[in-house]
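Any read-out appearing in this document is the output of simple, stated calculations on the displayed coordinates, not a laboratory observation. None of the values given here were measured: they were computed from a predicted structure. Here the Cβ positions follow ideal geometry from the backbone for every residue, glycine too, while neighbour counts run over all protein chains shown.
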Amino acid sequence: MTGFEAQWLALREGADFVARDAAVRDAALRIFAHRDEITVVDLACGAGSNPRALAPFLGSRQSWRLVDHDAGLLASARAALTAWADAVEGEEPLALHKNGRRLTFAFQRLDLNADLASALEGAELVTAAAFFDLVSRDWIERFCAELSRRRLPLYALLTYDGRESWTPPHAADAAMLDAFHRHQARDKGFGAAAGPRSSAMLRETLERHGFEVHVGASPWRLGPGDAELIAALSEGAAEAVAQTGLVDAAVIADWRAARRAARGCQIGHVDIFASPRGIG
Ligand SMILES: C[S@@+](CC[C@H](N)C(=O)[O-])C[C@H]1O[C@@H](n2cnc3c(N)ncnc32)[C@H](O)[C@@H]1O
């Protein structure tokens, strides 16, 4: 289990919202502009941040299936979407109204490594945010082959790309980042994780399968107003690096203290929209 906490996902939601690349979103929306109704499957949905971000850009009747292996996060997603809605029409399935749109949500608990095919069933658009760094090269290959076979478009947001810069810099930044990336490559349930190489791997694999691929940068640009997120990032990185044993404990402690007080940082992500040629 990867064990993401709803509290961490809520903390990053604001930064995720503003980071999303508008040109990639426009490319995705062009395909669906004429559609009033759409069925979307959001993979590794966590607490449902992605549908909250995308729903305002899609048609007036949306049917979402949110997939995750964590029952607690699926329950958080249901609660957060209900709180976000203007009105609740029904509970089973969850039917909501938001800004003049009618949205239904189904929640599917499923391990995406074991049962990818069921997750993709019935989708017209597949979305996923902050997910692909967890999966392996083999899974990306299997996933893209399956998308290609089904001629399904993919809108993948906020895939970590390994680039980080912190202000002010610290002497241990490079050693800490290298060790953090080694930790990221540990198996997260899909085999050795692609980590910071995942965005490049996803793009290359989609292109090889004949998709038309749009790519845009979606970095977090965090400043003094993001102190809580900066502190959480610093703690998470320091803990991960400590587990690798690659950096001296005193260096980690010094880096952690400096990073908690950092004025800002940029954390690299990539957005991708990929469509099978000839659709749209
Ligand atoms: C970084 S979180 C992103 C959550 C959400 N997409 C967001 O943007 O807030 C990664 C998500 O992947 C899910 N996940 C990890 N391994 C999974 C698996 N094998 N099957 C299904 N979901 C998985 C986690 O439960 C978590 O919700």
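Lys and Arg at +1, Asp and Glu at -1: add these up for the other residues within a Cβ distance under 12 Å of R256 and post the number.
-1
Among A171, A258, A15, which one moves the most in a GNM of the chain with springs linking Cα atoms closer than 10 Å?
Maximum fluctuation in the GNM of the chain, among the listed residues, is at A171.
Distance between Cα centroids, segment 216-257 to segment 132-210: provide it in whole Å.
19
Equivalent ellipsoid semi-axes for segment 1-157, as square roots of 5 times the alpha carbon gyration tensor eigenvalues: give them largest first, rounded to whole Å. Working shown, then result.
Values: eigenvalues 96, 74, 50 Å².
Listed largest to smallest, the semi-axes of segment 1-157 are 22, 19, 16 Å.
Give or take rounding to whole Å, what are the principal axis extents of the alpha carbon atoms in segment 1-52, in descending order?
Principal-axis extents of the Cα atoms in segment 1-52, largest first: 38, 22, 16 Å.
Ignoring the sites themselves, what is the longest stretch of the chain with no GluC sites (Glu not before Pro) in a DSSP loop and at most 13 other beta-carbon atoms within 10 Å? Please list the in-between numbers first.
Working: sites that count: E91, E121.
That gives 122-280 as the longest site-free run.
Around H183, under 12 Å between beta carbons, what's the net of Lys plus Arg minus Asp minus Glu among the other residues?
Working: positive: R182, R186, K188; negative: D133, D178, D187, E239.
Once positives and negatives cancel, what remains is -1.
What net charge do the residues around P153 carry, taking every other residue with its C-beta under 15 Å from that of P153, with Lys and Arg at +1 and Asp and Glu at -1?
Value of the local net charge: +1.
Any chance you could give the angle, 0 to 90 degrees and rounded to 10, that helix 173-184 forms with the longest Cα principal axis of the chain?
In the chain, helix 173-184 runs at an angle near 50 degrees to the longest axis.
Using r as the Cβ-Cβ distance of A95 and R149, and R0 as 41 Å, what FRET efficiency do you calculate, to the nearest 0.05?
E between A95 and R149, to the nearest 0.05, is 0.85.
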